[in-house]
1. At a Förster radius of 30 Å, what calculated FRET efficiency corresponds to the Cβ-Cβ distance of ILE27 and ILE57, to the nearest 0.05?
2. Can you give the FRET efficiency for MET122 and ILE18, using 1/(1 + (r/R0)^6), R0 = 35 Å, r = Cβ-Cβ distance, to the nearest 0.05?
3. How much of the calculated P(r) for the range 71-199 lies past 20 Å, in percent of all Cα pairs?
4. Be a star and scan the range 154-171 for residues whose amide nitrogen sits under 16 Å from the point 7 Å along the Cα-to-Cβ vector of LEU142.
5. Nearest 0.05, what FRET efficiency do ASN34 and LYS106 give at R0 = 45 Å with Cβ-Cβ as r?
6. What does the C-alpha gyration tensor say about the overall shape of the range 57-108? Classify as rounded when a/c is under 1.5, otherwise prolate if a/b is larger than b/c, or oblate.
7. Restrict the search to the range 70-159; then list the trypsin sites (Lys or Arg not before Pro) that DSSP places in a loop and that have at most 10 other Cβ atoms within 10 Å of their Cβ.
Amino acid sequence: MDDSKSFAYRKSLSEYRIKLFLIGPTILVLILMNVFPLFWSLILSFTNYSSMMTKKISLVGVANYSKVLNNPVLWKYFQTTAWFVIVAVGLEFLLGFSFALLLKEKFKGWGLVTTLMLIPMMLSPVVVGLFWTFIMDANFGLLNYIIGLFGINKVSWLTNPNIALFSVALVDVWMWTPFVMLISMTGLLLFLNLYMKLPTLIWHPGGLNSVR
């Protein structure tokens, strides 16, 4: 009996070492490429470091943060970012959850429709940027060509400061709505699965147990 326990322990330890050996290099690379630069940048933010500077680095405390936060241009950038987040994330949630409600029930061609709707999420941001730059080009863009068929003048989707941010938000919505849809659909399916099992569950002081 002791030999079998000892063998099981050695086997589990060996499997743990194999797993650690396999994922160890990946974790190390992630730490070196992500965690270390983050903390190093945080440390440098409290100094007068500059890539163009040749003099010795010295601590300046929170002077850099004070200078940045007292810059009125920065707060304008914050407002622009906040507007973008509210519009883009709000539309992504509404559209993503709506599509999830439509696709929670399977139908003929469900797999094909779901796959096609998830394609934007799987594309590289570079590809998406080039794709929508072609569509929204002021002179040769597909979007201006379509609205031109209805007698509407060309629109500078990407260069007009009044609508450029809206155009970028539209691209973000197109790309990331499928991601919200996927998360919402997963949550809905889990909720419906639990809801269907509720009639077979009873509540007692020990928690929820299935009726045998």
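1. 0.45
2. Efficiency computed from Cβ-Cβ geometry: 0.65.
3. Details: 4877 of 8256 pairs.
Of all Cα-Cα pairs in the range 71-199, 59 percent lie more than 20 Å apart.
4. Those under the cut-off are 171.
5. Calculated value: 0.70.
6. prolate
7. Details: sites: LYS76, LYS104, LYS106, LYS108, LYS154; in loops: LYS104, LYS106, LYS108, LYS154.
For trypsin sites (Lys or Arg not before Pro) across the range 70-159 that sit outside H, G, I, E and B with at most 10 neighbouring Cβ atoms in 10 Å, the list reads LYS106, LYS108.
Laboratory data are not the source of any read-out in this text; all were calculated from the coordinates shown. The structure presented is a predicted model; accordingly, all values stated were derived computationally and were not measured. Neighbour counts run over all protein chains shown; Cβ positions are idealised from the backbone, glycine included.
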